[in-house]
Amino acid sequence: MSVLRRSWLHWALGLGLGGVFLYAAWGKVLDPRPLVTIIWGYRILPAGPINLLAIYMPWLELFVGACLATGILRRAAAFWATALLVMFEIALGVNALRGVNVACGCFSANAEETHNAWFLVLRDLPMLAAALAMLLFPPRRASGGGKSEESRVKS
Amino acid sequence: MRRLARDAAGILAAVLLLGTASNLAPGRHLAWWGKGHEPPAAGKDYQLVDPGSADSIRASLPHVVFLDTRADAEFARGHVPGARPISYTDLSAQLTRARLDALRAADAVVVYGASEETDVEQLLAQELRERGLAPPYVLVGGYPAWEGAGLPVEQGGPR
């Protein structure tokens, strides 16, 4: 597991996953209105909180992407990335089980852009794995005598 | 673990702050709480129409209203002849009783936007239908498709 604590690996995962989140967030931050239709389309949430999710989720994606890519608060960003991706997997999985190919709203808010739901579930798994690696295996610093950043803070 | 919780809470606070601020910005407001209705549905709330068919409707019915959801600058550069601009973000101020009466009196209402993504136009059509209009038409492909089909356009602000 020590390879998962390598700093370069965290930079690579952070840049890759951060870039994906930034790309996904940009259009939705500029105009969250179409996202309301997308979230409706999942047929999971009651109508009330849908607008709140459409207002705040793009900003969370933007912050997560920026923090992962820059390394600032990366572990906390990985926590939120994990939470978002688990939420996406559940939403997509429920619709895959229903046999509904939803417009995922992953990288655009185009309600006519539907995909096979199982494909979307599988596509998110590597991203979830990357987020979990950054969350659960914080990197060791070379000068830290083999301790992780987290454990040095504790001591 | 405490540091992780503190940092995660910091990110959440920043998200809440910026999300709230952005939604209070002029022209961007989304209702904070959903209205408890279904998403717009084709057939029930709107009918999709391609540019050629929309032009046929325009030519064959005496009073067809085109509503343009694009920004003012885009509208001024070119729009469907006779179209009226409308902004989805400020409907309550724009859909006055007189304007709704005029829309209800139209033989057909066609809504179009800036791109092939017609989500906003579908939502607008649903709002209009809920205010007593027959399901409006939503132009597939938006204004670029209309213009690309070589159909008539005019420039300038609303008449």
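The values are calculated or read from the model by the stated rules, or taken from the named source; none is laboratory data. These figures come from a predicted structure and were not determined experimentally. Here Cβ is always computed from backbone atoms with ideal geometry, including for glycine, and neighbour counts include all displayed protein chains.
Going residue by residue through region B:81-101, is there one that turns out to be touching a residue at least 24 places away in the same chain (Cβ under 8 Å), over 15 Å from the mean Cα position of the chain (by Cα), away from chain A (no Cβ under 14 Å) and outside any helix (DSSP H, G or I)? Looking for residues that are touching a residue at least 24 places away in the same chain (Cβ under 8 Å), over 15 Å from the mean Cα position of the chain (by Cα), away from chain A (no Cβ under 14 Å) and outside any helix (DSSP H, G or I), one finds at least one in region B:81-101, hence yes. Exactly one residue out of A:56, A:42 is more than 18 Å from residue A:134 (Cβ to Cβ), aromatic (Phe, Trp, Tyr) and under 15 Å from the mean Cα position of the chain (by Cα): that is A:56. When residue A:78 is tested against the conditions (1) closer than 22 Å to residue B:13 by Cα; (2) more than 10 Å from chain B (Cβ to nearest Cβ), the lone failure is (2). Among the residues in region A:1-16, are any part of a helix (DSSP H, G or I) and either acidic (Asp, Glu) or within 14 Å of chain B (Cβ to nearest Cβ) (or both)? Checked against the condition, which is being part of a helix (DSSP H, G or I) and either acidic (Asp, Glu) or within 14 Å of chain B (Cβ to nearest Cβ) (or both), region A:1-16 yields no hits at all.
Here residue A:31 fulfils each of the conditions (1) modelled with pLDDT of 90 or more; (2) acidic (Asp, Glu); (3) closer than 23 Å to residue B:23 by Cβ apart from (1). Answer yes or no as to whether residue B:70 is of a type in the set (Lys, Arg) and within 14 Å of chain A (Cβ to nearest Cβ). Judged against the criteria, residue B:70 is a match.
Each row is one residue, and each column tells you yes or no for (1) without any contact (Cβ under 8 Å) to a residue 60 or more places away in the chain; (2) touching a strand residue (DSSP E or B) at 6+ places or on another chain (Cβ under 9 Å); (3) within 12 Å of another protein chain (Cβ to nearest Cβ); (4) at positive phi.
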{"site": "B:9", "(1), (2), (3), (4)": "yes, no, yes, no"}
{"site": "B:17", "(1), (2), (3), (4)": "yes, no, yes, no"}
{"site": "B:44", "(1), (2), (3), (4)": "no, no, no, no"}
{"site": "B:106", "(1), (2), (3), (4)": "yes, yes, no, no"}
